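Chemist: Supplied in structure tokens, the structure appears directly below.
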Amino acid sequence: LPVAPLKIVAMESCRGLGQKVNDYIVSFRENTINEVSESSLYVNYKSNNYLVDCCCPRFGTGEAKGILRETIRGTDLFIMTDVCNYSLTYTVSGHLNHMSPDDHYQDLKLIISAATGKAKRINVIMPFLYESRQHKRSSRESLDCAIALQELCNNMGVDNIITFDAHDPRVQNAVPLLSFDNAMPTYQVLKNLLKKMPDLSFDKEKFMVVSPDEGAMSRNMYFSSVLGCNLGMFYKRRDYTTVINGRNPIVAHE
């Protein structure tokens with residue numbers, strides 16, 4: 001049996017994806033429950049809609065508050081958020097402002113706070129892991145991804161985090177007791193590539209796999225081996241004599 005009745009919070013940044021997930025689960029459970037006895041406890045988990053009515057309205061100062069318009073007490077709560085959705089806007093003192101990853105992360109915490117610890121379990125689905133690019137320290141720098149994970153785990157009561165292709169999955173070492181699922185979407189990428197381009201050939205004379213940087217080499221080594229094609233890599237050549245915005249600028253991709 002499920003841990004508890006399912007509820008999905010699709011943040012405004014993830015409404016479209018959340019609706020697709022909800023429709024799939026409704027259909028899946030409808031077909032699954034019909035195959036078992038009507039007296040089964042599974043019937044208690046059947047619903048026509050798992051999405052929670054919620055919002056994060058903002059004051060004139062740009063500050064926000066999280067609102068849940070229905071109870072989530074005792075539910076297995078899944079919160080979906082896309083911190084890289086830059087299309088959303090809000091007004092600050094009459095000026096239009098686009099939502100940043102920091103804004104989306106703050107809204108996530110507001111919704112968790114609005115749940116006031118009443119959910120049976122809190123799970124966060126974050127396709128792009130917040131601050132995952134800042135996963136290691138060079139000189140005097142902040143470790144933002146680790147701090148965010150610790151905040152969600154230790155202070156906000158999050159039980160599981162689900163992300164896709166984290167920049168460095170070893171960041172989960174910051175929260176060793178938190179369930180951290182890092183799903184790799186590369187199989188789906190190849191599958192859709194073949195669907196969209198049916199004339200694509202994996203002949204090694206016509207096709208090669210290129211890694212965008214050193215970090216993706218292990219994954220691309222696997223695919224080049226399976227597909228039997230050549231492997232290449234981009235190397236970022238930097239100017240270590242210059243520092244711009246705290247980083248050495250990339251001179252060329254080789």
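Chemist: Pairs only if they're at least six apart or on different chains, beta carbon under 7 angstrom, first in the range 228-254 and among the basic types (Lys, Arg), second assigned to a loop (DSSP other than H, G, I, E, B) and open to solvent by less than 90 Å² (accessible area, probe 1.4 Å); list them, first residue then second.
Modeler: Pairs that qualify, where the first residue is among the basic types (Lys, Arg) and the partner is assigned to a loop (DSSP other than H, G, I, E, B) and open to solvent by less than 90 Å² (accessible area, probe 1.4 Å), are Lys236/Asp213; Arg238/Asn248; Arg238/Pro249.
Chemist: Take the residues of the range 141-174 that are open to solvent by less than 30 Å² (accessible area, probe 1.4 Å) and touching an Asp or Glu at 6+ places or on another chain (Cβ under 8 Å): which is farthest from Pro185 (Cα to Cα)?
Modeler: Restricting to residues being open to solvent by less than 30 Å² (accessible area, probe 1.4 Å) and touching an Asp or Glu at 6+ places or on another chain (Cβ under 8 Å), the top hit is Ala148.
Chemist: Give, as residue ranges, the strands (runs of 3 or more DSSP E) completely inside the range 38-117 that count at least 1 residues that are touching a Leu at 6+ places or on another chain (Cβ under 6 Å).
Modeler: Counting at least 1 such residues, we get 76-80, 89-92.
Chemist: Given the residues Ser179, Ser211, which is the only one that is of a type in the set (Ser, Thr, Tyr) and surrounded by fewer than 15 Cβ atoms within 10 Å (Cβ to Cβ)?
Modeler: Every option except Ser179 fails the conditions.
Chemist: Here is a follow-up. Within the range 222-252, track down each residue that is part of a helix (DSSP H, G or I), among the polar types (S, T, N, Q) and either out of contact with any Leu (no Cβ under 7 Å at 6 or more places or on another chain) or open to solvent by 90 Å² or more (accessible area, probe 1.4 Å) (or both).
Modeler: Ser225 - this is the single residue of the range 222-252 that is part of a helix (DSSP H, G or I), among the polar types (S, T, N, Q) and either out of contact with any Leu (no Cβ under 7 Å at 6 or more places or on another chain) or open to solvent by 90 Å² or more (accessible area, probe 1.4 Å) (or both).
Chemist: Let me ask something else. Does the range 104-121 hold any residues that are under 19 Å from the mean Cα position of the chain (by Cα) and open to solvent by 30 Å² or more (accessible area, probe 1.4 Å), and which are they?
Modeler: Gln106, Lys109, Leu110, Arg121, listed by residue number.
Chemist: Looking at the range 201-215, which of its residues are among the aromatic types (Phe, Trp, Tyr) and within 22 Å of Tyr235 (Cα to Cα)?
Modeler: Hit for the range 201-215 is Phe207, nothing else.
Chemist: Name every residue in the range 184-199 that is under 25 Å from Asp168 (Cα atoms) and either modelled with pLDDT of 90 or more or open to solvent by 90 Å² or more (accessible area, probe 1.4 Å) (or both), in order of residue number.
Modeler: Tyr187, Val189, Asn192
The values are calculated or read from the model by the stated rules, or taken from the named source; none is laboratory data. This one's a predicted model, so the numbers in the text were calculated from it and none came from an experiment. Cβ atoms come from the backbone with ideal geometry, glycine included; neighbour counts cover every protein chain shown. Accessible surface is based on the protein model in full, side chains and every heavy atom, while ligands, DNA and RNA are left aside. Shrake-Rupley method; radii C 1.70, N 1.55, O 1.52, S 1.80 Å.
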